[in-house]
Structures are given as C-alpha cells and as structure tokens.
Amino acid sequence: MHSDIPITATGRTAVADDMTVTPVALSDGPREECGVIGVARPDGEGVAQLAFFGLFALQHRGQEAAGIAVSDGHRARVHKAAGLVTNVFTPEALAPLNGYHGIGHTRYSTTGINSDRNIQPFLVETMHGPLALAHNGNLVNAGALRDELLGRGFALSATSDSEVMTLMLAAAGGSSWEERIERTIPAWKGAYSLVILGADRVIAVRDPWGFRPLSVGRLPTGGHAVASETCALATLGCVDIDEVQPGEIVTLCDGEMVRRQVLAPATDAARCTFEFVYFSRPDSSWAGRNVHDVRQRLGTELAHTCPVDADVVIPVPDSSIPAAIGFANASGLPFNDGLIKNRYIGRTFIEPTQDIRERGVALKFNALGGNLAGKRVVMIDDSLVRGTTAGPLVGLIREAGATEVHVRITCPPITHACHFGVDMGHDGDLMAARLDTEAICEEIGADSLGFLPLDAMMRAVGNADGSNSGYCNACFTGTYPVPVAPPGTKSAFEGVLG
C-alpha cells in the first residue's frame, strides 16, 4: 500500500482494505514483538534508505509486515505491506519516499489481528498537519480508550491499540506535537516505545515503566536516528548512542536533538527480561548490558543450578547459542552443533502439504547425526512456551542416535500470559501453567528437564542479589507491574471484518 498525504489536508486516515493473512507458525517460542526506527537528516539524503536498513536490522522483532512513512515538509507518504522488509521495499517502492524525516515499523501482531489495515506506521491528516505513528508494546487499557473514542464519534478503521494512540494524539490540544504528546500519554497504561512523525520532525517516546527498549544515536553524516535496538543504530553507523529514558520525549529536528522528561519514571521500573532471554539481537545492548554477555551468563547459571552428567552440549539455534557456550564452559562439557537451522525460512506464508506438516520441526531444523550418535546430549533452549517444538526436537535428536536427551531452559517456567506486547498466548495455552516440570519432561520425551530459577536468571541479567528490581517478570510470577484487565485475544476489537 502506498499513500500520500498533503500537509494542508484534514480528516482522512491512510489505511488499506482489510486482507487477512495467515502465516504458518514454525516455532513454539514467544512470538516476536515489533521493531521501530526513526531517522532525521537536515539534508534529507537517503532517509527512507536508512530507515529500510534499520528495519532490516530489526527484522527478528517482527516478520508479518513492514512500513515506512516520510515527510519532506510539504507532503507525507507511507508505503506498507505484509511480508518481510526486503519483500515490501523494492527499489521502486522506496523511490517515492523522499523527505527529511522518516519512521518505520516491522510488525508481529499483539493487539489487532494480522491484517493489512493494522500494518504500521499509521498515517493520518490532522488540522496540525500530517501525523504518523509506529509502536512497540501494548496498552492494557486500550479497550477503554477505544470505547471513549467511539463514544466521541471517531470512526476507527483498524483494530489495534496503535491506531487508538494515533487518533488520541490527532485530537489532542496544544501548540506543538510535543505538547499534545505530553497531555495525552498520562492516559496510556502499559508498554509503548514510539516513533512519531510530524511535518518537520521525528519524536521518540517511551513509557514510564521502560518495558520495551528504545535508543537514540547521532548519524555520522549529520542528523539522528532512534531505534528499538542498538544493533540497528550500529548498522547505520550511529555514534553517541544512548537509551531513551522511561517517560522521556526526544525530538529530532533540524539536525538537533532535544530531550524532555515529561513523565516521572515509575518507582519500580519494568524492563522486559525476555529481551535478554530471547528477543533482542545478541549484538544489542540495553540497560548498560550486552545481550550476548547476559545470555552466556544465563547458561553459566543454568550449569550451576541444573547440572547433568552428559557428553555434549548443543544449542537450539540461534538465540540459545551464547547460553549453550556458557553452560559448556561452566560444566566442563564440550560444546558442539547438533541442530542446523534453516535461517531463510522466516515466517512462511505457504501452507505446507500434509506430509511436510507431519514432519513438524524438520521444516526448520535438521540434526547432525555425526555429533549426536551414541552421545548423552544436553539441549539448551531459551524458553518453553506451548510445548509444541520441544518434543519434536527431542525426537529429532534421538532419531540421530543420541542415547539420552537432557533439556535445559534458560528461564523459569512461563505460567502467565504477557499483556505488554509479547504474544505468548493465554494462560491455558502455556504448557507450564497446566503441567509441573516432571509432567512436562514426560510429555516432551526428555530424560530430564531443568528450568533456570528466577533468582539465578536475575543474577545473570545483572541483579547480584537475584531480585526482580527494575524488571518485569510477570510471565513467570503472575505479578504484573501495571494492573491488567481479564485476558482477551488480540482480535478482541474485530467488530468490523473485511
């Protein structure tokens, strides 16, 4: 979808007709969140291209859809569609996206089903000029806010909390976008790391709890960029990289960066621990800690708390590789590859035939029999969510000749749903919410199963006392940092279907 919005026009939302797309899930892990990027350059050179490469670096955070919106001071344009970043943005699609400021988004749906009308950025016309918004996170009070907009006569054409945020800002009073944002964000409860596009600026906003990462850096050739992860900023060559603080608004305009603390950071910060366990790319840093280093320490802690007599340690690639290295080093066991991942399969939109479906994880993994035959194997994985992948992987390793398969998980059992932007499913979908460790071990066919205790995980993250301080661990404990409504589905707002 490609849309232009002149700055002087008012009143129309740039969205596509609804077209539901159903990708084939190939993993049991928590579904990706979203990635956001913002770029501002005073010379306007290659803004859309920079946004593209930033999104490419964030592809792991969402593989359903992607979009980029730009403004040249006179006209705002957006191009967005379902698919991977490289499929959505051909040279022909990027060519019209000229401007001094741009934002981008790569998506996995959390609130709002996977359909074209929910693809971001959202771009609307307002009496103040164009407004585009891209969002990583999830508002726990989105339903009430949406009902309020409907009650005020707003016509909503999408079904995500991100559209609600866009329209609330469009309707807010104030002499600048910064003032309108400051007046509006106290009503938002939950997780939001945002990039917002006005006619002449990019604005980054982060919730006061700091659920989701967001960092800003200076481009080497002038201007600035902001992104969900530091790996994207490094890809663009950024220097002086710093975290956008919880409750902070950062404005990128005319080659300058202006920072304002508009909401006091929450007394108890709530960074998502799963960013370290699974989501973030290993070359990213967050809260002053490198993700790869934390994952290696997760493996070290796992070796100390869940030791096992075995012959070889193998990871479930890719996110478990650092943890498997840490486990092997701490236990004195050799590390080796045992599972080879097809890194190009992504989220396929092609329905597999029945015989391929029955092979399950063979779509995504093959076993290296030469490294497994006759061995007692420790398989390291980052998490166990619905339990649909662990069993087939254990079976694959046994078929390759392993005499024993011991499964070790680098986080505690996931027993509660996430309400802050991670699609883990609902409590009833979670294997550990229904079964204890012994029953799970039997269900997946392992010889033993060990989860990393919560305090050990937090020591690896950097809390020497093993406390939860500064982090959200609600999916493990059921203690949510923000009160949440009874669980619904991500399609809860689907009143109008195409």
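Taken over segment 408-447, residues that are in contact (Cβ under 8 Å) with a residue 60 or more places away in the chain and at positive phi amount to 1. Residues that are under 20 Å from GLY190 (Cα atoms) and assigned to a loop (DSSP other than H, G, I, E, B) within segment 228-265 comprise SER228, GLU229, VAL244, GLN245, PRO246, GLY247, VAL262, LEU263, ALA264, PRO265, listed in sequence order.
Across segment 106-117, not a single residue is classified as within 20 Å of PHE420 (Cα to Cα), without any contact (Cβ under 8 Å) to a residue 12 or more places away in the chain and surrounded by fewer than 24 Cβ atoms within 10 Å (Cβ to Cβ). Selection of segment 345-382 for residues being under 22 Å from the mean Cα position of the chain (by Cα), modelled with pLDDT of 95 or more and in a loop (DSSP other than H, G, I, E, B) yields only ASP382. Of all the residues in segment 120-136, those that are under 22 Å from MET424 (Cβ atoms) and assigned to a loop (DSSP other than H, G, I, E, B) number 1. Taken over segment 200-226, the residue count meeting the criterion of being out of contact with any Phe, Trp or Tyr (no Cβ under 9 Å at 6 or more places or on another chain) and over 23 Å from ALA266 (Cβ atoms) is 9. Of all residues in segment 479-498, exactly one satisfies the criterion of being over 20 Å from the mean Cα position of the chain (by Cα) and either at pLDDT 95 or above or hydroxyl-bearing (Ser, Thr, Tyr) (or both), namely THR479.
If you filter segment 269-312 down to residues that are touching a Phe, Trp or Tyr at 6+ places or on another chain (Cβ under 8 Å) and part of a loop (DSSP other than H, G, I, E, B), you find that the one that is nearest to CYS472 (Cα to Cα) is ALA270. Here LEU145 meets the list (1) closer than 28 Å to ASP72 by Cα; (2) modelled with pLDDT of 95 or more almost entirely, failing just condition (1).
Taking segment 245-292 as the search range and keeping residues that are aliphatic (A, V, I, L, M) and surrounded by 22 or more Cβ atoms within 10 Å (Cβ to Cβ), which one is farthest from PRO213 (Cα to Cα)? Taking the candidates together, the pick is LEU252.
Can you find a residue in segment 403-423 that is in contact with a Pro (Cβ under 6 Å, 6 or more places away or on another chain) and either of a type in the set (Ser, Thr, Tyr) or in a strand (DSSP E or B) (or both)? No, segment 403-423 contains no residue that is in contact with a Pro (Cβ under 6 Å, 6 or more places away or on another chain) and either of a type in the set (Ser, Thr, Tyr) or in a strand (DSSP E or B) (or both).
Among residues of segment 319-332 that are surrounded by fewer than 19 Cβ atoms within 10 Å (Cβ to Cβ), those with a Cβ under 9 angstrom from a residue that is part of a helix (DSSP H, G or I) and of a type in the set (S, T, N, Q), sequence gap 6+ or separate chain, pair up as ASN329/GLN296; ASN329/THR300; ALA330/THR300. Does segment 419-435 contain at least one residue that is modelled with pLDDT under 95, surrounded by fewer than 16 Cβ atoms within 10 Å (Cβ to Cβ) and among the β-branched types (Val, Ile, Thr)? No, there is no match, as no residue in segment 419-435 is modelled with pLDDT under 95, surrounded by fewer than 16 Cβ atoms within 10 Å (Cβ to Cβ) and among the β-branched types (Val, Ile, Thr). Within segment 244-285, the set of residues being among the hydrophobic types (A, V, I, L, M, F, W, C) and under 17 Å from ALA323 (Cβ atoms) comprises PHE274, PHE276, VAL277, PHE279.
The values are calculated or read from the model by the stated rules, or taken from the named source; none is laboratory data. Since we're looking at a predicted model, the values are computed, not measured. Cβ sites come from the backbone with ideal geometry, for glycine too, and all protein chains shown count toward neighbours.
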